[in-house]
Amino acid sequence: MTNVSIIGIGCTAVNEHWDTSIRHLAWYAIEAALDDADISKVDALYVGNMLAGQLSQQNHLGALVADFAGLRGIEAVTVEAADASGGVALRQAVLAVQSGLVETALVVGVEKMTDQTGSPITAALATGLDADYEAMHGLTAAGAGALLMRRYMHEYGVSVSDFAGFSVNAHANGADNPLAMFRNRLKAEAFAKASPIATPVSLFDAAPAGDGAAAVIVVNSEKAMDMSPQPIRILGSALATDTLALHDRKNPLWLGAAERSAQKAMAMAGVTPDDVDLFELHDAFTVLAALSLEAAGFAAPGAGWQLARDGQIGRDGRIPISTFGGLKARGNPGGATGVYQIVEVARQLRGQAEACQVPDAKIGMVQNLGGAGATAVTHILGV
Amino acid sequence: MEVSRHWRLQEQRYKLVGETCDNCGVKLFPPRDVCLECAAPAKELYTFTGLGEVYSYTTIYDAPAGFEQQAPYSVALVKLEEGPIVTAQLTDMDEDEMYIGMPVEMVTRKLRTDGDEGMIVYGYKFRPVQFEMAVK
């Protein structure tokens, strides 16, 4: 168990925020988290971001955001690990607070996609892959998901429509989340007919890129008891990596980093999959939801999709996932996604998830993946 | 212009030059100097035959900048006969001809063009094997 707890959370809606700059997005989430924690100062800021250098020609977000948020002078740095940037930023804050060198750490995940449109965004997202040996051959993030999905279908004898349950569940939950990018319900029949992005991945299979920012504030757990009426304990925290390129993995259908980070985090927390009440996983593509459930020990290899088919991933199912819509319906704001996942699980454990509430949620697991699972960071939260 | 980053990969792009691990004997592509299997130094060059089979494939409709003109195009994981899997485009075939396990061979093709005046990058793609004799 770590000695770190969450005392403040906040986020913006995920959307195409045409009228909002990256600094404003970050500030709105920080302002909400500071208000929630009822504090005005922090000692360090960790910014999770993937694409600002490419899409907004803006690096150096640590200094920018600290300055713009009225925190000028504090320690501040950007953390980048593709779309795991947000979760990895929290990991850095946990290390800092656990060490005792930082008292109050602020994490903000922020992504501004819509400073550009279309193919530049697709190209920017592909920089999470191997530039020389994947992206130069035209592979995209969705393409990598598609290669996994096609192989999964081949090895385990499943069809495209067998993945529909993941998107249907995500949209059903997103419909209840006012901050979600897509609040429409999705019919399973529509899933298989959706237009292709990278076959067999379609528009209703892939998570949409959106703008957004989410923030959390962490302090030492003893201090948290005095500062917050409902501190959320970080019971486990672990990060693992795999080969960057999919083609270098002995078995591409096994997310080794996801398995290692989940096992380490669960061991640290002293829990097993049976103890976990909900699992916010990285459903950038439906096949990643299936593979994440398998890697974390909720299903045998090749059987992750059956949890969706059997209705076990809903809010009243065996292992609720994507409870606020997941990446698929809440939206996937790149480097901010991992912090959204933390904010959402904290709301579940506080009992503040409103229409999205999972009954009696006590222990929540969060896993944020970068690229096709080359980085995996897992946190276990509890009350 | 990113001339140097393409120039320095010419042995890989045009000839599939990878490496053999001195310690465990595994063949490596792309070359990585430290063996993927045993972490020993792997610096002996090895030129792959370019024969393999399709391990998985996708046809990309939502293309990144630089590839819009080619879309839709197909990218595969090709399992080379020496063992490694390589990411490359499939060419000289329609999507409905592709299948997992399809025997393919390496050819040199245009990977991308940076506009009318820009650099043309060549490299490996894979097509159906032309002669059955080529397949073991």
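Quick notes on this one:
- The C-alpha atoms of chain A define a longest principal axis, and helix A:337-350 lies at about 70 degrees to it.
- Averaging the sequence gap over all C-alpha pairs within less than 8 Å and six or more residues apart, then dividing by the number of residues, gives region B:3-134 a relative contact order of 21 percent.
- Taking chain A as a Gaussian network of alpha-carbon nodes connected by springs under 10 Å, the highest mean-square fluctuation of the residues A:GLU189, A:GLU280, A:GLU80 belongs to A:GLU189.
- Buried accessible surface for the B/A chain pair comes to about 3100 Å², total over both chains, computed with a 1.4 Å probe.
- Fraction of accessible area attributable to carbon and sulfur, region B:3-134 (%, probe 1.4 Å): 49
- Proximal lysines to A:LYS362, defined as alpha-carbon separation beneath 22 angstrom and excluding residues fewer than eight positions away on the same chain: A:LYS223, A:LYS264
- Simple Cβ-charge dipole of chain A, Lys/Arg +1 and Asp/Glu -1, about Cα centre, in debye nearest 20: 460
- Across region A:200-337, Cα pairs under 8 Å and at least six residues apart give a relative contact order of 32 percent.
- Residue order for A:CYS356, A:CYS11 - accessible surface, 1.4 angstrom probe, largest first: A:CYS11, A:CYS356
- Accessible area of chain A belonging to carbon and sulfur atoms, whole % at 1.4 Å probe: 50
- Note on chain A: with a GNM built from Cα contacts shorter than 10 Å, the maximum mean-square fluctuation among A:GLU75, A:GLU103, A:GLU155 falls on A:GLU155.
- Cα gyration tensor, chain B - rounded (a/c under 1.5), prolate or oblate: oblate
- Residue of A:ILE197, A:ILE217, A:ILE30 that the Gaussian network model of chain A assigns the largest fluctuation, springs spanning Cα pairs under 10 Å: A:ILE197
- Rounded to whole Hz, the Karplus (6.51, -1.76, 1.60) HN-Hα couplings of region A:149-163, x for glycine and proline: 5, 4, 5, 4, 4, 5, 6, 10, x, 10, 10, 3, 5, 5, 8
- Charged-residue dipole, Cβ positions (Lys, Arg, Asp, Glu), region B:3-134 about Cα centre, Debye nearest 20: 460
- Ranked from largest to smallest solvent-accessible area, with a 1.4 Å probe on the protein heavy atoms, A:LYS187, B:LYS79, B:LYS125, A:LYS223 come out as A:LYS187, B:LYS79, A:LYS223, B:LYS125.
- Heavy atoms of the protein chains alone define the surface here; on that basis region A:298-362 has 29 Å² accessible area per residue at 1.4 Å probe size.
- The aspartates and glutamates within cross-link reach of B:LYS79, meaning a Cα-to-Cα straight distance under 13 Å and a gap of 8 or more places when in the same chain, are A:ASP248, B:GLU53, B:GLU105.
- Over 22 Å between alpha carbons, listed pairs A:LYS112/A:LYS328; B:LYS27/B:LYS110; A:LYS112/B:LYS110; A:LYS187/A:LYS328; B:LYS43/B:LYS110; A:LYS193/B:LYS125: B:LYS27/B:LYS110; A:LYS112/B:LYS110; B:LYS43/B:LYS110; A:LYS193/B:LYS125
- For B:TYR61, distant residues with modelled amide H under 5 Å away: A:ALA198, A:THR199
- Taking chain A and dividing mean pair separation by its residue count, relative contact order in percent (alpha carbons under 8 Å, at least six apart): 27
- Principal-axis analysis of the Cα atoms of chain A puts helix A:22-37 at an angle of about 60° to the longest axis.
The values are calculated or read from the model by the stated rules, or taken from the named source; none is laboratory data. What you see is a predicted model, and the numbers here were worked out from it, not measured in a lab. Because the Cβ atoms are built from the backbone with ideal geometry, glycine has one as well, and the counts that use them run over all protein chains shown. Just the protein is used for accessible areas: all its heavy atoms, side chains included, with ligands, DNA and RNA removed. Shrake-Rupley method; radii C 1.70, N 1.55, O 1.52, S 1.80 Å.
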